[in-house]
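Structure, as structure tokens:
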Amino acid sequence: MPQDTRKISTAAALGFQGSIAVVGALAVWLLGVDALTSQHGWAVDAGLGIAGSLVTFVALSGLSRAAGPMQDLLSEHMRQLQSFANDYGWWVLAALSLLAGVGEELLFRGALQGWMTRHLNDAFAIVLAAMAFGLVHYLSFVYFLIATGLGLVLGIVYWLTDSLLLVMVWHGVYDMIALYALRRHPERFGIH
């Protein structure tokens with residue numbers, strides 16, 4: 001059976017990620033979450049976010065190349081993501097990465113985790129927000145676990161630093177690096 005290779009239009013892809021950013025911003029505003037807090041200053045938070053994105057890229061690219069059944073599952077997902085990345089120009093991928101970093105972190109860390117930490121145990125709130133993040137990125141159970149794991153890391157970093165900017169930069173820059181690697185160096189994700 002031939003695989004459906006229809007491309008999502010640029011407008012639809014950007015509109016979808018943009019709508020998440022709008023929903024995230026509205027949720028943060030309605031819930032009264034301070035999205036501009038920074039303990040160390042914006043430059044330090046941005047630098048830590050970039051460093052975190054590099055560590056995440058190294059860890060996930062290593063996991064994708066690890067031998068075993070997980071590699072087979074991840075390789076297939078990476079091929080799907082590579083196909084997605086190949087469908088768009090660099091400016092669209094950069095915009096999608098930026099919108100995902102800002103919008104998803106506003107929504108999952110700022111609004112959801114921020115609201116839940118007011119009403120639940122902090123650890124429980126971090127786990128629930130991470131699981132919601134994993135569900136939104138669901139491609140398979142293995143990919144859900146990886147996305148949830150990344151959500152846990154971002155949730156803990158947000159809880160420790162109270163900086164949405166840090167996790168936004170981390171997420172957005174990681175997405176840019178990963179999409180670049182999928183297009184130019186797919187072997188970094190076990191694709192041959």
Whole-Å distance, taken between Cα centres, linking region 124-142 and region 59-96: 18 Å
Run the simple label-point estimate for Leu63 and Glu187 please: 7 Å along Cα→C-beta, distance reported in nm. 2.3 nm
To the nearest 10 degrees, how steeply does helix 69-86 sit against the main Cα axis of the chain, on a 0 to 90 scale? 90 degrees
Under a crude label model (7 Å from the Cα following the beta-carbon direction), how far is Asn121 from Ala51 in nanometres? 3.1 nm
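Which net charge results for the neighbourhood of Ala21, defined as the other residues with beta-carbon distances under 11 angstrom from its beta-carbon, given Lys and Arg at +1 and Asp and Glu at -1? Please list the in-between numbers first.
Working: positive: none; negative: Glu104, Glu105.
Net charge around Ala21: -2.
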Could you run the Debye sum over the Cα atoms of the chain, one equal point scatterer each and no solvent, and tell me log10 of I(q)/I(0) at q = 0.09, 0.17, 0.18 Å⁻¹, two decimals? -0.32, -1.16, -1.28
What is the angle, in °, between the Cα long axis of helix 141-161 and the longest principal axis of the Cα atoms in the chain? Nearest 10 is fine, range 0 to 90. 30 degrees
So how tilted is helix 10-31 from the main axis of the chain? Cα-based, degrees 0 to 90, rounded to 10. 20 degrees
Computed over region 76-192, the relative contact order (Cα-Cα under 8 Å, seq sep at least six) in percent reads 37 percent
Using helices alone, what [θ] at 222 nm do you get for the chain, with -39,500 (n - 2.57) per DSSP H run of 4 or more residues, divided over all residues and rounded to the nearest 500? -25000 deg cm²/dmol
Given charges at beta-carbon only (K, R positive; D, E negative), |dipole| of the chain in Debye: 340 debye
Hz values of 3J(HN,Hα) by residue in region 34-45 - Karplus curve (6.51, -1.76, 1.60), Gly and Pro given as x: 7, 7, 10, 5, 8, 7, 10, x, 5, 5, 5, 4
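Every read-out reported here was derived from the displayed coordinates using simple, explicitly stated rules and does not represent laboratory data. Small disclaimer: the values here were computed from a predicted structure and weren't measured. All Cβ positions, even for glycine, are placed from backbone atoms using ideal geometry, and neighbour counts span all protein chains on display.
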